[in-house]
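Novice: Pasting a structure below so you can have a look.
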């Protein structure tokens with residue numbers, strides 16, 4: 001394509017050209033190479049080889065699934081938290097209480113990306129032994145995407161739920177200021193041998209904070225029901241947004257349900273995990289503070305309830321029936337998706353073509369690479 | 001107050017007079033008397049004395065909590081389902097699979113209001129023995145409010161989650177027709193001796209179907225984001241509403257999260273419980289069909305994780321902090337409530353003054369009373 005033709009295309013369709021520019025400017029990196037880099041960075045900072053690999057697993061799985069807000073884009077945050085002492089790279093998981101089916105662990109301000117998977121491994125072992133396991137982790141830090149923990153169990157043939165609390169960003173229904181985190185809930189079940197598990201991973205807020213930041217950069221209005229301004233008024237202006245609304249938005253559209261889900265998560269990950277909650281938690285933005293986060297995991301054997309092949313068959317049929325739902329007007333092109341379908345499609349594309357990194361993320365990684373003397377590309 | 005003064009008051013404030021008229025026309029009945037009537041009705045229809053009392057517990061707890069859509073207002077529906085054979089009043093709970101921590105039960109189209117509490121009792125016993133229990137119930141019927149099962153466990157000092165699937169009323173995100181039930185999730189934990197538990201009980205739809213029916217009777221528009229018309233267009237006209245939207249409303253306000261929660265519930269209560277799901281389930285409206293519903297319960301010992309008094313203290317503090325959140329503009333009068341506060345207030349009022357029954361509900365109960373020859377009032 002000549003320069004002149006390219007120029008004409010941009011003039012004819014600004015939007016299409018913008019999109020193409022975004023794609024053109026994203027560089028792709030194979031998942032294995034990205035994993036190697038992340039693990040080397042954590043190891044360099046004092047994390048054991050096993051834990052560095054675990055932490056890399058978590059970030060790469062987020063990027064593969066297209067959840068770029070929780071992938072390697074956050075590597076700089078973890079590095080800064082280790083360098084400022086907010087995360088202790090050498091901390092290990094301590095057992096506080098344990099029964100054959102339950103466990104209580106303390107992460108001692110360690111790298112949750114590595115210690116939380118270890119806690120989920122214990123939960124899985126308990127479920128394998130007794131049918132169902134439940135564990136909590138206290139004194140922890142940012143653990144990445146909740147979905148990775150549910151997937152960890154589903155890959156071993158179990159159903160699972162994973163939750164974490166988080167620093168305050170969400171206003172309670174009728175309230176003016178942030179009191180709760182985006183407190184996510186993830187759920188996964190296997191759908192059969194050699195098939196990806198069914199995974200559903202949601203924040204209990206109406207949107208993730210990253211969507212507000214995206215709208216700011218794009219100077220685009222928000223849908224009503226996502227955010228409040230500093231006075232507690234609903235706002236569609238991303239620059240004015242100070243608090244997120246819970247899932248459901250305002251009172252009239254049942255935002256008190258998302259509020260209740262956030263409290264459910266906070267009770268299990270805070271008080272039940274001997275930890276903090278609500279406004280006592282440090283925001284992920286406030287680097288240098290102890291995070292004080294907690295997590296809760298549950299896992300159960302499918303075969304304690306039903307033949308796993310029959311179960312997997314029925315889950316696949318359930319999802320296929322949803323995909324076959326007649327589409328609403330305006331949705332005819334994509335049709336109805338099953339929960340998790342967008343992440344499955346992203347995983348397939350990213351595994352085939354490499355993980356696409358936004359130029360700012362690439363620049364951040366190059367800065368980390370230079371600072372620590374660890375090559376980014378082989 | 002003289003007739004003339006009363007007349008003047010009505011003229012001066014139509015709204016206040018309307019409200020007073022509504023209160024005046026509601027007759028109140030003591031919870032114990034209502035319980036006695038419900039139990040006598042079920043016993044008359046062939047339900048054992050123990051199960052009739054259990055079923056009455058469930059309906060009365062819903063009315064006490066102000067969830068009138070799931071209380072004695074539904075007695076006529078259960079009576080009709082027993083009389084048409086959709087519910088077998090003599091069916092008992094059968095154990096399909098069991099381990100010390102897990103159980104799979106079949107309700108054999110029996111009265112779920114009585115058999116589901118029995119299943120939750122098994123779940124509680126398993127949790128007491130192992131730390132955490134999980135059970136499913138298949139081939140079941142309408143079990144009332146999910147909250148009553150979580151409360152059942154919390155009253156015995158345990159944390160709990162209760163779920164059920166339900167007949168299709170909710171359109172998946174991007175879809176035109178109902179494919180999922182309102183699939184509720186209830187959660188409860190104890191908050192200390194002699195204190196009511198913390199209870200959070202939500203449908204995964206944006207609203208319950210009863211709210212659409214209320215808006216039809218009042219001829220009032222719905223908030224946007226609650227319902228779709230028969231063509232799959234969003235509608236604020238309750239008379240045009242054919243499908244409910246999931247919690248979160250449309251795609252732009254994250255309705256795919258409520259959709260995912262509904263699927264989570266359907267997977268645990270359908271495929272995991274060897275039961276049906278989605279459009280295979282009979283609507284509660286279609287009396288005469290086998291319901292084919294399923295339930296899933298989890299319960300866990302608080303002391304497997306933490307000292308129960310410390311846990312209860314922290315939960316109470318967490319809730320008090322939420323109540324102290326500065327109110328948003330317009331919400332200054334009520335301030336911020338903790339989830340479950342409205343139901344606690346309703347319970348206190350209904351225990352003190354008797355349960356208020358809407359005139360149409362009272363008329364339904366009188367019709368049942370006449371039909372079966374069971375006195376409604378002592």
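The values are calculated or read from the model by the stated rules, or taken from the named source; none is laboratory data. The structure displayed is predicted, hence computed values, not measured ones. Note that we place each Cβ from the backbone using ideal geometry, even for glycine, and neighbour counts take in every protein chain shown.
Novice: Of the numbered conditions (1) facing another protein chain (nearest Cβ under 9 Å); (2) within 17 Å of residue B:337 (Cβ to Cβ); (3) touching a helix residue (DSSP H, G or I) at 6+ places or on another chain (Cβ under 8 Å), residue A:223 satisfies every one except a single condition; which is it?
Specialist: If we test residue A:223 against (1) facing another protein chain (nearest Cβ under 9 Å); (2) within 17 Å of residue B:337 (Cβ to Cβ); (3) touching a helix residue (DSSP H, G or I) at 6+ places or on another chain (Cβ under 8 Å), just (2) comes out false.
Novice: I'm told residue B:106 meets every condition in (1) within 19 Å of the chain's Cα centre (by Cα); (2) more than 13 Å from residue B:47 (Cα to Cα) except one. Can you identify the failing condition by its number?
Specialist: Only one criterion is unmet by residue B:106, namely (1).
Novice: From the set of residues in the stretch B:201-225 that are in contact with a strand residue (DSSP E or B) (Cβ under 7 Å, 6 or more places away or on another chain) and modelled with pLDDT of 95 or more, which is surrounded by the most Cβ atoms within 10 Å (Cβ to Cβ)?
Specialist: B:205
Novice: For the stretch B:353-364, what are the residues that are buried (at least 17 other Cβ atoms within 10 Å of the Cβ) and under 19 Å from the mean Cα position of the chain (by Cα)?
Specialist: B:355, B:356, B:357, B:361 - these are the residues of the stretch B:353-364 that are buried (at least 17 other Cβ atoms within 10 Å of the Cβ) and under 19 Å from the mean Cα position of the chain (by Cα).
Novice: Could you tell me which of the residues B:249, B:258 is in contact with a helix residue (DSSP H, G or I) (Cβ under 6 Å, 6 or more places away or on another chain) and within 12 Å of chain A (Cβ to nearest Cβ)?
Specialist: On inspection, the qualifying residue turns out to be B:249.
Novice: Additional query: Would you check which residues across the stretch B:120-149 are crowded, with 24+ Cβ neighbours inside 10 Å, under 20 Å from residue B:190 (Cα atoms) and within 13 Å of chain A (Cβ to nearest Cβ) and list them?
Specialist: Correct list: B:123, B:126, B:127, B:130, B:131, B:132, B:133, B:134, B:146, B:147.
Novice: Being in contact with a strand residue (DSSP E or B) (Cβ under 9 Å, 6 or more places away or on another chain) and within 26 Å of residue B:292 (Cβ to Cβ) is the filter; apply it to the stretch B:48-67 and report the residue that is surrounded by the most Cβ atoms within 10 Å (Cβ to Cβ).
Specialist: B:51
Novice: Next up: Collect the residues in the stretch A:99-115 that are within 15 Å of residue A:275 (Cα to Cα) and away from every other protein chain (no Cβ under 14 Å), keeping them in residue-number order.
Specialist: A:107, A:108, A:109, A:110, A:112
Novice: Please go through the stretch B:87-100 and give me each residue that is out of contact with any strand residue (DSSP E or B) (no Cβ under 6 Å at 6 or more places or on another chain) and buried (at least 20 other Cβ atoms within 10 Å of the Cβ), ordered by number.
Specialist: B:87, B:89
Novice: For the stretch A:145-163, indicate whether the set of residues that are under 30 Å from residue B:328 (Cα atoms) and touching a helix residue (DSSP H, G or I) at 6+ places or on another chain (Cβ under 9 Å) is non-empty.
Specialist: Yes.
Novice: Would you mention how many residues in the stretch A:237-248 are closer than 21 Å to residue B:222 by Cα and touching a strand residue (DSSP E or B) at 6+ places or on another chain (Cβ under 8 Å)?
Specialist: Matching residues across the stretch A:237-248 total 3.
Novice: Sort out which residues of the stretch B:179-195 are more than 7 Å from chain A (Cβ to nearest Cβ), assigned to a loop (DSSP other than H, G, I, E, B) and in contact with a helix residue (DSSP H, G or I) (Cβ under 6 Å, 6 or more places away or on another chain), and write them in order of number.
Specialist: B:183, B:190, B:191, B:192
Novice: Same structure, new question: Just need a number here: residues in the stretch B:332-352 that are farther than 22 Å from residue B:201 by Cα and either crowded, with 18+ Cβ neighbours inside 10 Å or at pLDDT 95 or above (or both).
Specialist: Matching residues across the stretch B:332-352 total 1.
Novice: Please find, within the stretch A:226-244, the residue that is nearest to residue A:186 (Cα to Cα) out of those that are in a loop (DSSP other than H, G, I, E, B) and at the interface with another protein chain (Cβ under 9 Å from one of its Cβ atoms).
Specialist: The qualifying residue nearest to residue A:186 (Cα to Cα) is A:226.
Novice: Next question, about the same structure. Restrict the check to the stretch A:273-282 and report whether at least one residue is surrounded by 24 or more Cβ atoms within 10 Å (Cβ to Cβ), away from chain B (no Cβ under 11 Å), closer than 27 Å to residue B:315 by Cα and within 19 Å of the chain's Cα centre (by Cα).
Specialist: Yes - at least one qualifying residue is present in the stretch A:273-282.
Novice: Restricting attention to the stretch B:332-356, which residues are touching a residue at least 40 places away in the same chain (Cβ under 8 Å) and within 7 Å of chain A (Cβ to nearest Cβ)?
Specialist: Passing the criteria: only B:339.
Novice: A further question on this structure: Does the stretch B:204-220 hold any residues that are outside any helix (DSSP H, G or I), within 13 Å of chain A (Cβ to nearest Cβ) and over 19 Å from the mean Cα position of the chain (by Cα), and which are they?
Specialist: Answer for the stretch B:204-220, where residues must be outside any helix (DSSP H, G or I), within 13 Å of chain A (Cβ to nearest Cβ) and over 19 Å from the mean Cα position of the chain (by Cα): just B:220.
Novice: Pull up the stretch A:309-331, narrow it to residues that are surrounded by fewer than 17 Cβ atoms within 10 Å (Cβ to Cβ) and in contact (Cβ under 8 Å) with a residue 60 or more places away in the chain, then point me to the one that is nearest to residue B:254 (Cα to Cα).
Specialist: Selected residue: A:316.
Novice: Being at pLDDT 95 or above, within 11 Å of chain A (Cβ to nearest Cβ) and in contact with a strand residue (DSSP E or B) (Cβ under 7 Å, 6 or more places away or on another chain) is true for just one of B:323, B:316, B:301. Which residue is that?
Specialist: B:301
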